[in-house]
Structures are given as C-alpha cells and as structure tokens.
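Here is the structure we will look at.
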Amino acid sequence: MNKLTVVGIGPGAYELMTIKAAETLRNCDVIVGYTVYVDLVKEHFPGKEFLTTPMKKEVERCRLAFEEAGKGKNVAMICSGDAGVYGMSGLILEIGQEFPEVAVEIVSGVTAAIGGASVLGAPLIHDFAVISLSDLLTPWEKIEKRLSAAAEADLSVVLYNPSSKKRKDYLKKACEIMLAWKDPNTVCGTVVNIGREGEQASLYTLAELKDTPVDMFTTVFVGNSQTKVIDGKMVTPRGYII
C-alpha cells in the first residue's frame with residue numbers, strides 16, 4: 001500500500017528534531033511542506049524532491065502530498081513543531097478519505113510550547129493551556145472565551161501566533177482579558193525564534209507583557225498564581241514539599 005507520513009520537524013533546529021522524524025525524512029523520496037519549513041530542512045536532506053505551497057494553500061498541499069504518494073513515492077509532509085498541534089495531521093486524515101489507497105502515518109515532534117519552555121526554565125510543570133491568537137480559522141469571540149476560562153482556572157497559558165501585521169494588538173487584548181483573573185505581577189515570558197538563529201528569551205510581568213511588541217516567531221508564556229523567577233528562570237512549582 002502507498003504511504004504518506006506526516007512529520008513534525010520541531011521548532012527549527014535540526015538538533016531538536018526527533019530521531020524518528022529525521023530517519024523518516026532521510027528515507028523518503030519526496031518532502032512536501034510550507035515554503036518556510038522546507039527551507040529549514042533542505043540542507044540536512046540533500047537529494048530529496050521538495051514540493052512547496054505558500055501559506056493559505058494547506059488543502060492544496062495535502063492533496064499534492066497524497067497525489068505524489070499515489071504514484072508509489074515515499075512521501076513526507078512536514079510541519080513545524082508537532083504535526084498534531086496546529087499542524088497538518090488533522091487535515092491530512094480528513095482529506096485522506098479521498099485517497100483510500102494511501103496509508104497515513106504520523107510522526108510527532110517538539111512543539112513550540114515544549115521547546116520554548118526549556119529555554120525559559122520550567123514554566124509548564126503544572127497544568128497549562130495552549131491557545132492560538134490567530135483568528136484566521138477560529139472566531140475571535142471563541143478565543144476570548146478560551147482565554148478567560150484558562151485565566152479563571154489559574155492555568156499557565158501558552159500563546160501561539162500572538163501577533164501579525166493585521167493583528168498587532170491581539171496580545172494586548174489577550175492580556176487585558178486575562179488581567180480580569182490574573183494578578184498584574186504574574187510572571188510571564190517570551191521566546192523568539194525557538195531553536196533557530198536569533199533565539200532570545202525575556203521575562204515580564206503580565207502588566208508589562210500587555211504592551212510588549214511581539215511577532216509570529218514569538219511564543220508567549222503566562223504563568224499561574226504560583227509561578228516565580230528563580231535565578232533568572234521562569235518556574236511554575238508543582239507543589240512538592242522541599
């Protein structure tokens with residue numbers, strides 16, 4: 001049976017790719033992906049056939065991958081981070097119903113929440129929520145409800161897609177929603193370019209974060225009521241008695 005593998009390539013650095021992900025890409029014939037992600041892996045997998053589509057062409061990208069697999073090629077569809085966290089595995093499985101002759105395998109990767117957490121210290125030791133601020137596929141009203149519910153529950157929160165050219169004030173809005181439930185001095189952090197050149201981590205209070213400029217390459221971490229700074233690291237205790 002023909003096969004298509006959906007591969008999470010991690011935050012960006014080859015060293016942060018799982019062994020299975022790297023082996024899958026070494027053994028495949030064709031690598032399909034968003035142009036930016038293909039550029040991240042190209043140098044590490046020479047000799048492969050690379051096929052790309054731009055942003056907002058996700059459906060076309062998935063069908064392209066299935067069509068190539070249908071020709072008998074060993075195809076890998078790559079996603080940044082983990083394929084199942086804001087990745088392509090869900091869409092692949094939906095569209096896969098049109099291609100019953102192609103088997104699908106999913107290979108997990110390191111999502112930005114996990115990669116960024118290790119850079120900041122240990123912000124996700126207790127329960128946490130991951131919320132994307134992109135309203136391209138999710139209505140902003142629903143995002144607001146999720147932010148409010150997570151803040152009221154005193155969860156640590158990781159924010160993906162915190163800003164873009166069209167959404168410059170979305171992080172500010174998100175912080176204002178969470179400030180209804182969280183202390184203004186709640187420890188927060190950001191990591192830019194996780195696992196890539198230019199990686200940088202910063203710590204803020206929630207009040208400071210509200211007015212901090214970020215971009216699409218930034219992952220934002222908002223602590224819970226117990227989160228603190230220890231030797232410059234963001235730490236959320238789990239409650240062990242020391």
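Give me the residue from region 82-118 that is in a loop (DSSP other than H, G, I, E, B) and of a type in the set (A, V, I, L, M) and, out of that set, farthest from THR227 (Cα to Cα).
MET88
Restricting attention to region 163-183, report how many residues are open to solvent by 60 Å² or more (accessible area, probe 1.4 Å) and either in contact with a strand residue (DSSP E or B) (Cβ under 8 Å, 6 or more places away or on another chain) or farther than 16 Å from ALA151 by Cβ (or both).
Here the count works out to 4.
Of the conditions (1) open to solvent by less than 50 Å² (accessible area, probe 1.4 Å); (2) more than 14 Å from GLY121 (Cα to Cα); (3) among the β-branched types (Val, Ile, Thr), ILE241 satisfies every one except a single condition; which number is it?
(1)
Return the residues of region 71-89 that are farther than 24 Å from VAL220 by Cα and open to solvent by 40 Å² or more (accessible area, probe 1.4 Å); say none if nothing qualifies.
LYS71, GLY72, LYS73, ASN74
Just checking, which of GLU15, GLU60, GLU68 is over 25 Å from ASN161 (Cβ atoms) and assigned to a helix (DSSP H, G or I)?
GLU68
Looking at region 184-210, I want the residues that are touching a residue at least 24 places away in the same chain (Cβ under 8 Å) and surrounded by fewer than 20 Cβ atoms within 10 Å (Cβ to Cβ) and have a partner that is of a type in the set (Phe, Trp, Tyr) and not in a strand (DSSP E or B) with Cβ atoms under 9 Å, at least 6 apart or on another chain. Which pairs are those?
VAL192/PHE217; ASN193/PHE217; ARG196/PHE217
Out of all the residues in region 139-162, which are farther than 22 Å from PRO184 by Cα and open to solvent by 60 Å² or more (accessible area, probe 1.4 Å)?
PRO139, GLU141, LYS142 - these are the residues of region 139-162 that are farther than 22 Å from PRO184 by Cα and open to solvent by 60 Å² or more (accessible area, probe 1.4 Å).
Mind counting the residues in region 1-11 that are more than 10 Å from ASP82 (Cα to Cα) and surrounded by 24 or more Cβ atoms within 10 Å (Cβ to Cβ)?
Summing the residues that are more than 10 Å from ASP82 (Cα to Cα) and surrounded by 24 or more Cβ atoms within 10 Å (Cβ to Cβ) in region 1-11 gives 2.
When the residues of region 91-109 are narrowed to those that are open to solvent by less than 40 Å² (accessible area, probe 1.4 Å) and over 11 Å from the mean Cα position of the chain (by Cα), which ends up farthest from MET17 (Cα to Cα)?
PHE99
Report the residue count in region 17-41 for those that are open to solvent by 50 Å² or more (accessible area, probe 1.4 Å) and at pLDDT 95 or above.
Residues flagged as open to solvent by 50 Å² or more (accessible area, probe 1.4 Å) and at pLDDT 95 or above within region 17-41 amount to 6.
Name the pairs whose Cβ atoms lie under 8 Å apart, with the first residue in region 1-28 and in contact (Cβ under 8 Å) with a residue 12 or more places away in the chain and closer than 20 Å to LYS73 by Cβ, the second part of a strand (DSSP E or B) and open to solvent by 90 Å² or more (accessible area, probe 1.4 Å), and 6 or more positions between them or separate chains?
Hits for this filter: zero, empty list.
On the basis of being more than 16 Å from the chain's Cα centre (by Cα) and among the β-branched types (Val, Ile, Thr), does THR205 make the cut?
Yes, satisfied.
The values are calculated or read from the model by the stated rules, or taken from the named source; none is laboratory data. A quick note: this is a predicted structure, and the numbers were derived from the prediction, not measured. All Cβ positions, even for glycine, are placed from backbone atoms using ideal geometry, and neighbour counts span all protein chains on display. The protein model used for the area step is the full one, side chains on, heavy atoms only, and it has no ligands, DNA or RNA in it. Shrake-Rupley method; radii C 1.70, N 1.55, O 1.52, S 1.80 Å.
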